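Asks: Structure below; questions to follow.
The values are calculated or read from the model by the stated rules, or taken from the named source; none is laboratory data. Please read these numbers as outputs of a predicted model, since none were measured by experiment. Positions of Cβ are backbone-derived with ideal geometry, glycine not excepted, and every protein chain shown enters the neighbour counts. Please note that ligands, DNA and RNA were not included when accessible areas were found on the heavy atoms of the full protein model with its side chains. Shrake-Rupley method; radii C 1.70, N 1.55, O 1.52, S 1.80 Å.
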Amino acid sequence: MGAIGEGLRRVFELDTELWRIVLLSLEVSLSAVLLAVLLGLPLGALLAVKRFPGRRGVIVVLNALMGLPPVVVGLLVYLLLSRAGPLGELGLLFTPGAMIVAQTILIVPIIAALARQALDDAWREYEEQLRSLGAEGVQAALTLLWDARFSLITAVLAGLGRAAAEVGAVMIVGGNIDGVTRVMTTAIALETSKGDLPLALGLGCVLIAIVLLLNSAAQLIKDAAQRRFG
Amino acid sequence: MGVICSAVLALALAAPAQAQERFITVASTTSTEQSGLFRHLLPIFEKKTGIQVRVVAVGTGQALDIGRRGDADVVLVHARPLEEKFMAEGHGVKRYDVMYNDFVLIGPKSDPAKVAGTKDVAAAFRRIQDARAPFVSRGDRSGTHFAELEIWKLAGIDIAKQKGPWYRDTGQGMGPALNTAAGMNAYILADRGTWLSFKNRAELAIVVEGDKRLYNQYGVMLVNPTKHPNVKRGMGQALVDWLISTEGQKAIADYKINGEQLFFPNAGS
Amino acid sequence: MAASILPLALDNVFYASNGQPIISGVSLAIEAGPSTIILGANGAGKSVLMRLMHGLLAPTAGSVRWNEQDPASLRRRQAMVFQRPVMLRRSALANVLYALQLANVPTGERETQALAALDEVGLRHLAQRPARVLSGGEQQRLALARAWALHPEVLFLDEPTANLDPAAVREIETVIKAFDAAGTKIVMATHNLGQARRLGDEVIYLQAGRVMERALIEQFFASPATADAAAFMKGELPWV
């Protein structure tokens, strides 16, 4: 318990450095969530709405991809973005951009799979009416997405949670560079490996607090919207 | 659709925008970074040249691999045989000595193998093996790990064959390995820098130091721009030149932890 | 002026689901003019027949043919109201606008037409209310407004008042009568005899997926041709 107290004190001594780490963590994970939402929600919606041969197989694979180990994703993205790799020209390795790419890949399956599940239920309610009005395929998927937007918040939060918590992917593709690609999780790993456990604990508390804050905010929005729109 | 395109575009633009900043990437080792040397040294260089130095600190093997892939402009490690192999493969322009620091043998204050105070580290290792005292090895192909293996050889011990349950091959970095040793009250070979910054000492202390065979030589190499055209030759060479210059060497010597000098510049020799 | 999409011709239509036959050999033509009631007990296949006619289901055998080839045009010109209205999570007005947008009505005209449709069903004052907080009866009226906003030639209604209280039922029937008077062809499924009498001109009596009888309303009620139909009418409670 005392270690946590000391850790928090040390953490707040860090000041500007702490700010930089926290802001970078938010920038990377929120960007990844944004991209994953843009890619994953339409994917989940189309899977909920369209019937095609092999659909069940795709759903099984998508659900399985939710469990992608972050460190494996990190390694694969590293090989892709390395100068010796196919996308080396982009010069993204060891930059926050690479971290965003890796985290996006990690959480697209989570958002898509959870969205599909939520939208499957919604589609059961809406399908007849939407088809009767003449909405099919992409149009229907988009309408469904927008209407189910508040129940999709859960899927988005799950993705955000995964991104904010992982260290394996961002460590490998970011390189944990002091002042450039160091985020909360890699900082915690670093301080732990240096044996500075109180500081690591302190950072951990800050990370948990931030995630709790984001979740609470999302829940409040969800509740308010439910009251208003029914 | 429009939102997706803007997002992807923003991401793509962020990358080249960073390329326009004046920076170089240096692949080095975790123990070097954790010693705090870079935080002391690099601001001096950056102030003088305006070049931002980004250090990716990983294990020695991975640092050289990063250099081989052309993902770094400069490589700074402390494993001479591996550095010479790197040069022989044509990945580096020229190898320079920069500095050395030393390893120290850490052990429990109770000292079951009775090695404290000796100046012969190979003899100390023999006594540890005889006593079957707990010993933690990094086991991760790092510079420290190679140094440890060398000492077993010097002690006449084929450690791969002669190890027992007392020898713990952890596959960890220096910090975690020290944590493990602290937890087990074991002997461990560590670089002085990491030891000086290590806060979780429990019952451990330095038991053997000063043996010349414990000296750990650092070498710096500019990654070869002929093989890897993206290497920032001018700025990378500027760092190499500065490190071996009088000014850089003095900055290295000035770095102290608790009043103790950690690294000993030897670029001229 | 384009030709009417009617008559709608069903030719020996079969529909089975999971091996169970639901519609067995229905052949009929829906013409313009009199409002048509599809009458039958629960399980007779009314809802499935409605969906086959509207186009939500494809027959497993036989054909369903309109007098119009272009599917997009067809979509605009016949609409359906379901037993349970499904409203989008937006305002009442926005729900009607949605239907107009799907039909590619020019943006400038949408709001006017939507408000007019709300006027027709007496919901203008609730235009900005979130549709999902409206009462059952109001939502069903909104569904009617939405269906009617495009002035379809044919309006299918699948037991539209089955879930509503008597006051709401009256409101819905008023609206349906108004649409009928305005020239829309009404095809409505119900098992409510009183409603059938109030709104219908002709009856198609369906039993076990087959058309048993087709007659004008008064004739059917006076003397149903089949024993089954007679039994059905006796068994149904007289709803006011």
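Asks: Starting from the Cα coordinates of the stretch A:32-154, work out the convex hull volume and express it per residue in Å³.
Replies: Convex hull of Cα atoms, per residue: 119 Å³.
Asks: Hey, what did chain C get for relative contact order, percent, Cα under 8 Å, at least 6 apart?
Replies: 26 percent
Asks: Mind listing the phi-derived Karplus ³J(HN,Hα) values for the stretch B:54-60, rounded to whole Hz, using 6.51, -1.76 and 1.60 with θ = phi - 60°, and x for any glycine or proline?
Replies: 9, 9, 9, 9, 9, x, 3
Asks: Give me, ordered by chain and number, the residues 5 or more places off B:Met99 or on other chains with an amide H under 5 Å from its own placed amide H.
Replies: So B:Met99 has HN proximity to B:Tyr218, B:Asn266.
Asks: Let me check something: with ligands and nucleic acids excluded, how do A:Val138, C:Val64, B:Val55 order by accessible area (1.4 Å probe), largest to smallest?
Replies: Ranked from most to least accessible, the order is A:Val138, C:Val64, B:Val55.
Asks: Here's another thing I want to ask about it. Which three extents, in angstrom, do the Cα atoms of chain B have along their principal axes, listed largest first?
Replies: 67, 51, 37
Asks: With every protein chain present, what accessible area does A:Thr143 have (1.4 Å probe, heavy atoms only), rounded to the nearest 10 Å²?
Replies: Roughly 10 Å² of A:Thr143 is accessible to a 1.4 Å probe.
Asks: Calculate one ³J(HN,Hα) per residue across the stretch A:183-195 by plugging θ = phi - 60° into the Karplus curve 6.51 cos²θ - 1.76 cosθ + 1.60, and present them in order as whole Hz with x for glycine and proline.
Replies: Rounded to whole hertz, the list is 10, 4, 5, 5, 5, 4, 4, 5, 5, 5, 5, 7, x.
Asks: How high is the FRET efficiency from B:Trp166 to B:Lys114, r the C-beta distance, R0 22 Å, rounded to 0.05?
Replies: The value I calculate is 0.90.
Asks: Could you tell me the distance between the Cα centroids of the stretch C:120-169 and the stretch B:92-170, to the nearest Å?
Replies: Spelled out, the Cα-based centre of one part sits 84 Å from the other.
Asks: Dividing the alpha-carbon radius of gyration of the stretch C:1-109 by 2.2 N^0.38 Å (N being the number of residues), what value is obtained?
Replies: Dividing the Cα radius of gyration by 2.2 N^0.38 Å gives 1.24.
Asks: Taking θ as phi - 60°, what are the ³J(HN,Hα) couplings along the stretch C:202-207 by the Karplus curve (6.51, -1.76, 1.60), each to the nearest whole Hz, with x for Gly and Pro?
Replies: Karplus-based 3J(HN,Hα) across the stretch C:202-207 equals 9, 10, 10, 8, 10, 9 Hz.
Asks: Let me ask something additional. Just how much of C:His151 is accessible, in Å², when a 1.4 Å probe is used and the result is rounded to the nearest 10?
Replies: Estimated to the nearest 10 Å², C:His151 gives 110 Å².
Asks: Sketch the reach of a paramagnetic label on C:Ser63 as a point 7 Å from Cα along Cα-to-Cβ, and name the residues of the stretch C:1-27 whose backbone nitrogen lies under 15 Å away.
Replies: The answer is C:7-14, C:27.
Asks: What residue among A:Ser151, A:Ser25, A:Ser132 shows peak mean-square fluctuation when chain A is described by a Gaussian network model with Cα springs under 10 Å?
Replies: Looking only at A:Ser151, A:Ser25, A:Ser132, the biggest GNM fluctuation is shown by A:Ser132.
Asks: Give me the one-decimal Kirkwood hydrodynamic radius in Å for chain C, with the sum taken over alpha-carbon pairs.
Replies: Evaluated over chain C, this radius sits at 18.5 Å.
Asks: Mind checking the mean number of beta-carbon atoms from other chains within 10 Å of the Cβ atoms in B:229-237?
Replies: 1
Asks: Right, next: Give me the percent relative contact order of the stretch B:127-247, please, defined on Cα pairs under 8 angstrom at least 6 residues apart.
Replies: Answer for the stretch B:127-247 is 24 percent.
Asks: Quickly rank B:135-143, A:75-83, A:219-227 as a protection proxy: mean count of other C-beta atoms within 10 Å, highest first.
Replies: B:135-143, A:75-83, A:219-227
Asks: What is the Å³ per residue value for the convex hull set by the Cα atoms of the stretch A:143-230?
Replies: 108 Å³
Asks: Taking beta carbons within 10 Å but only from partner chains, what does the mean come to for residues C:124-136?
Replies: For peptide C:124-136, the averaged partner shielding equals 1.
Asks: Out of residues 5 or more away from B:Ser137 or on other chains, whose amide H comes under 5 Å of its own, with H placed 1.01 Å from N in the peptide plane?
Replies: When sequence neighbours closer than 5 places are left aside, the close amide H contacts are B:Arg168, B:Asp169, B:Thr170.
Asks: For the protein assembly as shown, just run the numbers: alpha carbon Rg, then divide by 2.2 N^0.38 Å, N being how many residues it has.
Replies: Compared with the compact-globule rule of thumb, the protein assembly as shown sits at 1.41.
Asks: Who wins for biggest fluctuation among C:Leu57, C:Leu142, C:Leu150 in a Gaussian network model of chain C, springs between alpha carbons below 10 Å?
Replies: Of C:Leu57, C:Leu142, C:Leu150, the Gaussian network model singles out C:Leu57 as fluctuating most.
Asks: Tell me the net charge near B:Thr25. Cut-off is 15 Å between Cβ atoms, B:Thr25 excluded, with +1 for each Lys or Arg and -1 for each Asp or Glu.
Replies: That sum, taken over residues with Cβ under 15 Å, equals +1.
Asks: Summing +1 for each Lys or Arg and -1 for each Asp or Glu, what net charge is found among the other residues whose Cβ lies under 9 Å from the Cβ of B:Val104?
Replies: -2
Asks: So for B:Met221, C:Met212, what's the accessible-area order with a 1.4 Å probe, most first?
Replies: The ordering from most to least exposed comes out as C:Met212, B:Met221.
Asks: Okay, moving on. Can you tally the net charge around A:Gly179? Count Lys and Arg as +1, Asp and Glu as -1, for every other residue whose Cβ sits under 9 Å from the Cβ of A:Gly179.
Replies: So the surrounding residues net to +1.
Asks: Over the whole of A:91-98, what's the average partner chain Cβ count within 10 Å per residue? Rounded to a whole number, please.
Replies: Across A:91-98, the average partner-chain Cβ count within 10 Å equals 6.
Asks: How much FRET efficiency would the formula 1/(1 + (r/R0)^6) give for C:Leu216 and A:Glu136, where r is the Cβ-Cβ distance and R0 is 51 Å, rounded to 0.05?
Replies: 0.85
Asks: What figure in square angstrom, to the nearest 10, would you give for the accessible area of B:Asp158 with a 1.4 Å probe?
Replies: Near enough 70 Å² of accessible area.
Asks: Here's another thing I want to ask about it. Search the structure for amide H atoms under 5 Å from the amide H of B:Asp211, placed 1.01 Å from N in the peptide plane, and list their residues when 5 or more places away or on another chain.
Replies: Excluding prolines and chain starts, which carry no amide H, there are no hits.
Asks: Here is a follow-up. Put a dot 7 Å past each Cα toward the Cβ at C:Asn42 and B:Asp158; how far apart are the dots in nm?
Replies: About 8.7 nm separates the two model spin labels.
Asks: Normalised by the number of residues in chain A, what is the relative contact order in percent for Cα pairs under 8 Å and 6+ residues apart?
Replies: 34 percent
Asks: Please enumerate, by chain and number, the lysines with C-alpha under 21 Å from the C-alpha of A:Lys222, excluding those fewer than 8 residues away in the same chain.
Replies: Output for A:Lys222: empty list, no partners.
Asks: What pairs from B:Lys114/B:Lys163; B:Lys85/B:Lys256; B:Lys227/B:Lys256; B:Lys94/B:Lys212 go past 28 Å between their alpha carbons?
Replies: Exceeds cut-off: B:Lys85/B:Lys256; B:Lys227/B:Lys256.
Asks: Which residues does the label zone of B:Tyr96 cover in the stretch B:240-258, counting backbone N under 11 Å from a point 7 Å along Cα→Cβ?
Replies: Label zone hits: B:240-249.
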